[in-house]
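S.K.: Handing you this structure, nothing more for now.
The values are calculated or read from the model by the stated rules, or taken from the named source; none is laboratory data. Since we're looking at a predicted model, the values are computed, not measured. Here Cβ is always computed from backbone atoms with ideal geometry, including for glycine, and neighbour counts include all displayed protein chains.
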Amino acid sequence: MKFSTVYPITAAQIDANYRLNVDGLLTFHENTVARYFTTLRLAAFDLQKEDKTWVISEINLELPEPPSMWSEDVEVTVWASERTSLRVWMEFTARERHSGRITARGSSCWSLISMTERTLVPCGGLFPEEELVPEFAAGPHRKRTVMKYAPEAVARLGHTVNLIDLDFNGHTNNRRYIQMALVSFGPDFLAAHRPDFLNIRFFRESRLGERIENVTHPTEDPATFVGCINNGAGEEICRVSSHWTPREPLQDIADANWIR
C-alpha cells in the first residue's frame, strides 16, 4: 500500500533562499518510511527487542523541479516496490499540497542488521508481500552503472564524528555524509547551482570520535561529481554521486508565500 504524511516546511529545513534543502527533504522521506513501518509493527523500536534495526544502503533522488519554498506543505508518499530476502526497496515522491507540483522522487534500499553482530539478517519473511506495490518512482533498481571519476580532487572536507552526528543506532546518521559531500563544493558554487540528481551508497559505519574525510572528484561530465567519504584507515564509508544544474531565478518570497 501507499502511505503519505504531510510536513510543513519550517525554518530548520530551508537554505538561504527560503527553499527546502536536501537534508530536510530526506528527513521527511526517512520519517515517512519510519511511520509506515510503525503501522506494520516493524519500526526500529519494535525490532530492537529482537536485536535488529533498519539501515539504509542506497538512496536515489531526482529533483527535476526547483525546491519548495517556506512555508509550503509537502506531502511525502512512500511505498514498498520490491522485496528480497535481505532488502526492501521503498519508493517515494514529494508533492506540494497547494500547487500540486511533484518536486522530488526516488527510492531507498532498507535492510535489517543485528545490533550486536552488525551483520545483515533476513527481512523478507518479516515484510508482508501484500504490502508491495510494483511501481517505480524513478526507474528500476540495481541497473545503475558505477560512475567513473578522475583521481584528482576538486574539493575536500574533513570532520570528526561527534555526538550531534549520531542517530538512534549509535553510528553516524546517513544524512551527515550527504551534507558533507554537498557543502564541500563551497559557497560560490552552491549559490549558483543546485543538485538535480543524487545517488548515495552506504558501505560501512563510522562512530563517535572517528576522523572522516570527503574527497570530491570530477567526471567526464562537467556537471557531475563523485564524493567519496573515507575513514582514517582509507576505507570508503559512503559515496555521493551528484549532478548539478544552475539555480533558477529566486522567486520573491513575499509574493510566493501562500500563508499571506
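S.K.: Go through (1) outside the structural domain of Y36 (by TED's automatic domain parsing); (2) in contact (Cβ under 8 Å) with a residue 12 or more places away in the chain and name the single condition I164 misses.
M.R.: (2)
S.K.: On the basis of being small (G, A, S) and touching a strand residue (DSSP E or B) at 6+ places or on another chain (Cβ under 9 Å), does G124 make the cut?
M.R.: Yes, satisfied.
S.K.: One residue is enough: does the range 203-226 have a residue meeting the conditions small (G, A, S), free of Cβ contacts under 8 Å to residues at least 40 places away in the same chain and closer than 30 Å to T103 by Cβ?
M.R.: yes
S.K.: A follow-up question, please. Test P67 against the stated conditions and say whether it is touching a residue at least 24 places away in the same chain (Cβ under 8 Å) and more than 18 Å from F28 (Cα to Cα).
M.R.: No.
S.K.: Enumerate the pairs (first residue in the range 40-51 and closer than 17 Å to F3 by Cβ; second residue anywhere and surrounded by 14 or more Cβ atoms within 10 Å (Cβ to Cβ) and among the small types (G, A, S)) with beta-carbon separation below 9 Å, excluding pairs fewer than 6 apart on the same chain, so at least 6 apart or on different chains.
M.R.: Correct list of pairs: A43/A34; A44/A34.
S.K.: Here's something else I'd like to know. Among the listed residues R175, R194, identify the single one that is under 26 Å from A16 (Cα atoms), charged (D, E, K, R), outside any strand (DSSP E or B) and not assigned by TED's automatic domain parsing to the domain that holds I59.
M.R.: R175
Matching residues to (1) outside the structural domain of C238 (by TED's automatic domain parsing); (2) part of a loop (DSSP other than H, G, I, E, B); (3) more than 21 Å from the chain's Cα centre (by Cα); (4) without any contact (Cβ under 8 Å) to a residue 24 or more places away in the chain:
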site: A94; (1), (2), (3), (4): yes, no, no, no
site: R105; (1), (2), (3), (4): yes, no, no, no
site: S108; (1), (2), (3), (4): yes, no, no, no
site: S111; (1), (2), (3), (4): yes, no, no, no
site: E117; (1), (2), (3), (4): yes, yes, yes, yes
site: G124; (1), (2), (3), (4): yes, yes, yes, no
site: F127; (1), (2), (3), (4): yes, yes, yes, no
site: E135; (1), (2), (3), (4): yes, yes, no, no
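S.K.: Filter the range 123-174 down to residues that are surrounded by 12 or more Cβ atoms within 10 Å (Cβ to Cβ), under 20 Å from L86 (Cα atoms) and not hydrophobic (A, V, I, L, M, F, W, C) and give me whichever is modelled with the lowest pLDDT.
M.R.: So the residue we want is R144.
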